[in-house]
Amino acid sequence: MGRGAVVCCSYPGLGVTALIVQATAPSRIDLAGGTLDIYPLYLFEEGGITINMGISLGSHVWLQTRHDAQVNITAECMGAKQHAACADDLRLGGELDLVARLIRFYRPSVGLDIITRNDAPIGSGLGASSSLLIALSGALRELNRADLSDEDLVRYGANLEAQNLGIPTGKQDYYSALNGGLNAIWFDVEGERVEPLGGDGRLAAELEDRLVLTFTGESRSSGLTNWAMLKNYIEDRGSTVQDLRGIKRTALAMREALVACGLDRFAELLNEEWETRRRLAEGVTNERMDHLIRVAKEAGALASRLCGAGGGGCMISFAEPGRSEQVAAALVAEGAQHLPYKINRRGLSVRVIGEQRAETVRFS
């Protein structure tokens, strides 16, 4: 099902009513402070801060209730499906492990047909799995009419994703999916706090115009890279501890620059963050990634960095005024894919289509 497509919903037994829940959550571009959102690393450093922004490339979920207990999952981007007699029978492991865990945890009282889709490429480094998790959590919360806060969705989601990955996970991606916008996200003993940045919207418009997003063509997995960083920190290997403290200082300075709309300073800090991050663990960058960053600079980028934990996936390049198209074109000529986007200012969006006859229900 392509973007904007309309698909008719039907199942055996015409005349049976169906409840449709549609949910969308933004993916994110991380700007500074990543890795500091991983528990318990931010506690060791007396608190952490990340800067990110939710974008229009998001995750989409459609739930349709069934007349039986059967659960059918279709993950369009992966071409993966799973069918089970009921939620408790969903298989764990494999490509749909996280989705299966989430459904088993929320345990809907009815059978469901579920379709998921991510706008971002697989392995993009844009937090798409966390975005999908929040979209599906929001849809299931609505379906169950559960008395759960957004913080509950984050807590349960982080625990389930840790089970899925088998390693500690960060939380910044969940908050960008929930809130959208440009934010500083603070992590401390008392929990997490989201601080919106951007004021009257002029800063967001400038970032949309000058911050170029491309997919390098190489997928990456953040889990192992983040684990290597955490392991190096705990074992005090090399300069990891000092580098992570440097990343925290950079994130704090970037927050101040964005509050002041100081985009020249922002560009300096974006470069500073990347130069520090690339030292944190083996695999954060490679020869091709370094080449693409050089290409972007030659075309007019003031700063570039890989998204997420690096190693591939997406790259952002902050262009000189009026040079965004040149930067994008130069990267595309090197085999990258330009991903136009806007800042999503809404965050998680859940829409319920009331009970309708099955033969008239449509996804749009």
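The values are calculated or read from the model by the stated rules, or taken from the named source; none is laboratory data. None of the values given here were measured: they were computed from a predicted structure. With ideal geometry, Cβ positions are generated from the backbone for all residues, glycine too; neighbour counts draw on all protein chains shown. Quick note on the areas: whole protein, heavy atoms, side chains included, nothing else; ligands and nucleic acids left out. Shrake-Rupley method; radii C 1.70, N 1.55, O 1.52, S 1.80 Å.
Going by the conditions given, is Arg237 farther than 26 Å from Ala204 by Cα, in a loop (DSSP other than H, G, I, E, B), modelled with pLDDT under 95 and out of contact with any Lys or Arg (no Cβ under 9 Å at 6 or more places or on another chain)? Quick ask: steps written out before the conclusion?
Values: farther than 26 Å from Ala204 by Cα: yes; in a loop (DSSP other than H, G, I, E, B): yes; modelled with pLDDT under 95: yes; out of contact with any Lys or Arg (no Cβ under 9 Å at 6 or more places or on another chain): no.
Considered against the rule, which asks whether it is farther than 26 Å from Ala204 by Cα, in a loop (DSSP other than H, G, I, E, B), modelled with pLDDT under 95 and out of contact with any Lys or Arg (no Cβ under 9 Å at 6 or more places or on another chain), Arg237 comes out as no.
State yes or no: is Gly283 at pLDDT below 95 and on the phi > 0 side of the Ramachandran plot? Step through it out loud before you land on a result.
Working: at pLDDT below 95: yes; on the phi > 0 side of the Ramachandran plot: yes.
Yes, satisfied.
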If Met53 passes every condition in (1) under 20 Å from Leu112 (Cα atoms); (2) open to solvent by less than 50 Å² (accessible area, probe 1.4 Å) but one, which one does it miss?
-> (1)
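Going by the structure shown, is Glu195 of a type in the set (D, E, K, R), crowded, with 18+ Cβ neighbours inside 10 Å and in contact with a strand residue (DSSP E or B) (Cβ under 9 Å, 6 or more places away or on another chain)?
Details: of a type in the set (D, E, K, R): yes; crowded, with 18+ Cβ neighbours inside 10 Å: no; in contact with a strand residue (DSSP E or B) (Cβ under 9 Å, 6 or more places away or on another chain): yes.
So Glu195 does not fit the description; no.
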Quick one: which residue in Ile103, Ile122 is under 21 Å from the mean Cα position of the chain (by Cα) and more than 30 Å from His338 (Cα to Cα)?
-> Ile103
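Within region 213-230, restricting attention to residues that are under 24 Å from Arg323 (Cα atoms) and open to solvent by 10 Å² or more (accessible area, probe 1.4 Å), which residue is farthest from the chain's Cα centre (by Cα)?
Taking region 213-230 first, the residues under 24 Å from Arg323 (Cα atoms) are 213-217.
Checking which are open to solvent by 10 Å² or more (accessible area, probe 1.4 Å) leaves us with 215, 217.
Details: Phe215: 14, Gly217: 18 Å.
Per the stated criteria, the residue is Gly217.
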So, of the residues in region 24-43 that are over 14 Å from Trp186 (Cα atoms) and open to solvent by 10 Å² or more (accessible area, probe 1.4 Å), which turns out to be farthest from the chain's Cα centre (by Cα)?
-> Thr24
If you take the residues of region 179-194 that are touching a residue at least 24 places away in the same chain (Cβ under 8 Å) and not hydrophobic (A, V, I, L, M, F, W, C), which of them is nearest to Leu31 (Cα to Cα)?
-> Asn183
Got a number for residues in region 264-319 being in a loop (DSSP other than H, G, I, E, B), touching a Leu at 6+ places or on another chain (Cβ under 8 Å) and in contact (Cβ under 8 Å) with a residue 60 or more places away in the chain?
-> 5
